[in-house]
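The block underneath contains the structure these notes are about, expressed in structure tokens.
The values are calculated or read from the model by the stated rules, or taken from the named source; none is laboratory data. Nothing here was measured: the structure is a model prediction, and the numbers come from that model. Ideal geometry is used to build each Cβ from the backbone, glycine not excepted, and the neighbour counts take in all protein chains shown. Calculation scope for accessible area: heavy atoms of the full protein, side chains included, ligands and nucleic acids excluded. Shrake-Rupley method; radii C 1.70, N 1.55, O 1.52, S 1.80 Å.
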Amino acid sequence: QVQLVESGGGLVQPGGSLRLSCVASGSILSIYTMGWYRQVPGKQREFVGTIDRNGSTNYARSVKGRFTASRDNAKNTVYLQMNRLRPEDTAVYYCNAVLGPDIYWGQGTQVTVSS
């Protein structure tokens, strides 16, 4: 079992930055591929990016060049650095941990981009 807790969300102006954190407990994070997703009310959860256990990353086209995923296995934590934020980035952001057929999700953190 893996428990994930996201933090770092909040209100930011367009063009600003936020860094989200996802702390894992209950297992060794280093063996998991970690993902970031986001969801707005009434829409399906949307892929944002992933970082595998070797540190290789993959991003949605809408965030590529603005968002960066990283991980600190010693702290059992993954991060999502979000720069040049846009109003359309407003959503609840979730992290997940994937190992084979097992997928675990955090509870989400709200990001609001507004002036």
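Placing a pseudo-label 7 Å from each Cα along the Cα-to-Cβ vector at N73 and N54 gives an inter-label distance of 1.3 nm. For D102, the solvent-accessible surface with a 1.4 Å probe is about 70 Å², rounded to the nearest 10.
For the chain, with every protein chain kept in place, what is the accessible area per residue (1.4 Å probe, Å²)? Before the final figure, lay out the partial values.
Working: 6110 Å² over 115 residues.
That works out to 53 Å² per residue.
Computed from phi, the 3J(HN,Hα) profile of segment 38-49 under the Karplus parametrisation 6.51, -1.76, 1.60 (θ = phi - 60°) reads 9, 8, 10, x, x, 10, 6, 5, 10, 5, 10, x Hz, with x in place of Gly and Pro. Near C95, once Lys and Arg are set to +1 and Asp and Glu to -1 for all other residues with Cβ below 15 Å from its Cβ, the sum equals +1.
Amide H to amide H, with H built 1.01 Å from N, R86 comes under 5 Å of G15, counting only residues 5 or more places away or on other chains.
Sparse packing (at most 16 other Cβ atoms within 10 Å of the Cβ) combined with a DSSP loop state is found for the following trypsin sites (Lys or Arg not before Pro) in segment 6-115: K43, R45, R53, R61, K64, R66, R84. Extension gain for S62-I103 works out to 12.4 nm (0.36 nm per residue, less the C-alpha to C-alpha distance).
Using every Cα-Cα pair within the chain, state what percent have a distance larger than 25 Å.
16
If you add up the charges near F67, with Lys and Arg at +1 and Asp and Glu at -1, over every other residue whose beta carbon is less than 15 angstrom from its beta carbon, what do you get?
Details: positive: R19, R38, R61, K64, R66, R71, R84, R86; negative: E6, E46, E88, D89.
Surrounding charge for F67 is +4.
Once the Cβ-Cβ distance of S7 and S115 is raised to the sixth power relative to R0 = 41 Å, the FRET efficiency obtained is 0.95.
Neighbours of I28 by Cβ distance under 14 Å: Lys/Arg scored +1, Asp/Glu scored -1, total +1. When the chain is described by a simple charge dipole with +1 on each Lys and Arg Cβ and -1 on each Asp and Glu Cβ, the residue from N96, T50, G108 located farthest towards its positive end is T50.
Heavy-atom accessible area, probed at 1.4 angstrom with all protein chains present, ranks Y104, Y32 as Y104, Y32, highest first.
For W36, W105, the ranking by accessible surface with the largest value first comes to W105, W36, using a 1.4 Å probe.
Magnitude of the Cβ-charge dipole of segment 17-70, K/R +1 and D/E -1, about the Cα centre, nearest 20 debye?
Working: 8 positive and 2 negative charges, 46 e Å.
Using only the charged Cβ atoms, the result is roughly 220 debye.
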